[in-house]
Structures are given as structure tokens and as C-alpha cells.
Amino acid sequence: MSLDDLNREQKRLLKRQGALDEKGAPSRAPRQQAQRERVGPMQYLREVRDEMRKVAWPNRPEVVRYSIIVTATVVVYTAFVGGIDIGFQYIADWFYT
């Protein structure tokens, strides 16, 4: 892919990212190293607990309703695929015997 294949929006994006210089020629942007500070196990568990408190947990009626919907959907699709399988089995038996 050459620069001629790019539209104006793509070229502007590449300029913002530093992949193109002011004249539009390709340039190599310096790679930025992400320095992460390591945390101890207690700090990690504290942060996990804080994040889990932010989660909007469903209440019991929602969980029951969703479980019923998922179970019914699985049963319906299993019956559908099983029916197709039996139909193809009859066709294959008729064709090969």
C-alpha cells in the first residue's frame, strides 16, 4: 500500500500519530515504552475489590429470568440441530442404500 492509496482522513490520522512528517513523507515515530510500576499482592487485591464494587450486579429475579431464557434457547437450538441431523441421516441412508 502506498501513500497514494490513502485518503485525506487517513493521512491526517497518520500525521497526528507521527507516522508522516509535515511534507507527507513516511517517518518513523519513536516507540514509547510503557513503564508500569509493579504492585504487591495486597495492593492488587485492594484494587480488584474496589473495581468489583463498581460492577452493577443483577438481582435475583433478573438472574432467574436470564437463566430460564438461556436454558430455553439452548433446548430449542439443540432440538433444531438434532432435527436437521436426523433429516440428513435419513437422506444419507436413502442415498447410500
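For this structure, a couple of remarks:
- Filter pass, Glu22 being of a type in the set (D, E, K, R) and either exposed (fewer than 10 other Cβ atoms within 10 Å of the Cβ) or in contact with a Pro (Cβ under 9 Å, 6 or more places away or on another chain) (or both): yes
- Those residues of segment 31-62 which are of a type in the set (Val, Ile, Thr) and over 23 Å from the mean Cα position of the chain (by Cα), in sequence order: Val39
- Any hit, segment 75-89, residues being aromatic (Phe, Trp, Tyr) and either touching a Phe, Trp or Tyr at 6+ places or on another chain (Cβ under 6 Å) or exposed (fewer than 10 other Cβ atoms within 10 Å of the Cβ) (or both): no
Rule-based calculations on the coordinates, nothing more; no lab input. Quick caveat, the model's predicted, so the values are computed rather than measured. Neighbour counts are summed over all protein chains in view; Cβ atoms, including those assigned to glycine, are modelled from backbone coordinates with ideal geometry.
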